[in-house]
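A.B. asks: I have a structure here, written as structure tokens, and I will follow up with some questions on it.
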Amino acid sequence: MLTGSCLCGAVAYTLGAPLASATHCHCSQCRKAHGAAFATYASVPKTALRFTRGAERVRTFNSSPGVARTFCDQCGATLQWMEVDSDSTCIALGTLDSPLGPIPQTHIFVDSKADWFAIRDGLPQDPNG
Ligand SMILES: [Zn+2]
Ligand SMILES: [Zn+2]
């Protein structure tokens, strides 16, 4: 079972499903939300995510209509990106505490990438999605 937590540790979670692949999203909203060149997410069914600590500290910001980003209200660590109507949720992979090992990864929204960052890892790139 994979486990994760926020920066301050107030929020912790378990994932009851494997993480099959990850995306590195370069869109401007992910860059702002993470304060970084890109955000890394992996998708699980919403039912697989269980908050084991601090569920009451998880706040939601709707960055677009129908899109929710969650974060810890104490440390601000981003936790999820999800479409409200979807059965799946994307976990901010930097919050994972368990070893994961290599999984397939793709850079997405590369056309929106910060001009100061160069992708040099040879992973697949999707310009817009
Ligand atoms: Zn926190
Ligand atoms: Zn994004």
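Read the figures in this text as sums done on the coordinates, not as results from a lab. Everything numeric in this text was worked out from a predicted model, so none of it was measured. Cβ coordinates were reconstructed from backbone atoms using ideal geometry, including for glycine residues, and neighbour counts include every protein chain displayed.
A.B. asks: For the list (1) among the aromatic types (Phe, Trp, Tyr); (2) surrounded by 19 or more Cβ atoms within 10 Å (Cβ to Cβ); (3) away from ligand 1 (no atom under 16 Å from the Cβ), I need the number of the one condition that residue 116 fails.
C.D. replies: (2)
A.B. asks: Write out, first by first residue and then by second, each pair whose Cβ atoms fall under 9 Å of each other, whose residues are 6+ apart or on separate chains, and whose first residue, in the range 75-86, is among the hydroxyl-bearing types (Ser, Thr, Tyr) while the second is surrounded by 13 or more Cβ atoms within 10 Å (Cβ to Cβ) and assigned to a loop (DSSP other than H, G, I, E, B).
C.D. replies: As it stands, the answer is 78/6, since those pairs meet every condition given.
A.B. asks: In addition: For the range 111-129, what are the residues that are among the aliphatic types (A, V, I, L, M) and more than 30 Å from residue 14 (Cα to Cα)?
C.D. replies: Answer for the range 111-129, where residues must be among the aliphatic types (A, V, I, L, M) and more than 30 Å from residue 14 (Cα to Cα): 114, 118, 119.
A.B. asks: Looking only at residues that are in contact with a Leu (Cβ under 8 Å, 6 or more places away or on another chain) and among the β-branched types (Val, Ile, Thr) in the range 1-44, which one is farthest from residue 74 (Cα to Cα)?
C.D. replies: Restricting to residues being in contact with a Leu (Cβ under 8 Å, 6 or more places away or on another chain) and among the β-branched types (Val, Ile, Thr), the top hit is 44.
A.B. asks: Next question, about the same structure. Filter the range 71-112 down to residues that are within 16 Å of ligand 1 (Cβ to nearest atom) and small (Gly, Ala, Ser) and give me whichever is surrounded by the fewest Cβ atoms within 10 Å (Cβ to Cβ).
C.D. replies: Selected residue: 76.
A.B. asks: Here's a follow-up. Can you report the number of residues in the range 39-59 which are within 16 Å of ligand 2 (Cβ to nearest atom) and more than 15 Å from the chain's Cα centre (by Cα)?
C.D. replies: 0
A.B. asks: Let me ask something additional. Cβ-Cβ under 7 Å, sequence separation 6+ or interchain: first residue in the range 31-50 and among the hydrophobic types (A, V, I, L, M, F, W, C), partner near ligand 2 (Cβ under 10 Å from one of its atoms) and part of a helix (DSSP H, G or I). Which pairs?
C.D. replies: 37/31; 38/30; 38/31; 39/30; 39/33
A.B. asks: With the requirement that a residue be small (Gly, Ala, Ser) and more than 16 Å from ligand 1 (Cβ to nearest atom), what does the range 1-29 give you?
C.D. replies: Taking the range 1-29 first, the residues small (Gly, Ala, Ser) are 4-5, 9-10, 12, 16-17, 20-22, 28.
Passing the criteria: 16, 17, 20, 21, 22, 28.
A.B. asks: Is there a residue being among the charged types (D, E, K, R), within 15 Å of ligand 1 (Cβ to nearest atom) and over 21 Å from residue 17 (Cα atoms) anywhere in the range 30-38?
C.D. replies: Let us first name the residues in the range 30-38 that are among the charged types (D, E, K, R), namely 31-32.
Pick out the ones that are also within 15 Å of ligand 1 (Cβ to nearest atom) and you get none.
No, the range 30-38 has no match at all.
A.B. asks: If you check residue 6 against the conditions, is it within 16 Å of ligand 2 (Cβ to nearest atom), farther than 16 Å from residue 100 by Cβ and under 13 Å from the mean Cα position of the chain (by Cα)?
C.D. replies: no
A.B. asks: Just checking, how many residues over the range 37-66 are within 22 Å of residue 109 (Cα to Cα), assigned to a strand (DSSP E or B) and out of contact with any His (no Cβ under 9 Å at 6 or more places or on another chain)?
C.D. replies: Here is the first cut: in the range 37-66, the ones within 22 Å of residue 109 (Cα to Cα) are 37-44, 61-66.
Going one step further and asking which of them are assigned to a strand (DSSP E or B), we end up with 39-44, 61-64.
Subsequent filtering for residues that are out of contact with any His (no Cβ under 9 Å at 6 or more places or on another chain) retains 42-44, 61-64.
Residues flagged as within 22 Å of residue 109 (Cα to Cα), assigned to a strand (DSSP E or B) and out of contact with any His (no Cβ under 9 Å at 6 or more places or on another chain) within the range 37-66 amount to 7.
A.B. asks: Let me ask something else about it. For the range 67-89, indicate whether the set of residues that are part of a loop (DSSP other than H, G, I, E, B) and among the polar types (S, T, N, Q) is non-empty.
C.D. replies: There is at least one residue in the range 67-89 that is part of a loop (DSSP other than H, G, I, E, B) and among the polar types (S, T, N, Q).
A.B. asks: Can you work out which of the residues in the range 95-114 that are within 19 Å of residue 33 (Cβ to Cβ) and more than 16 Å from the chain's Cα centre (by Cα) is nearest to ligand 2 (Cβ to nearest atom)?
C.D. replies: Across the range 95-114, the extreme among qualifying residues is 112.
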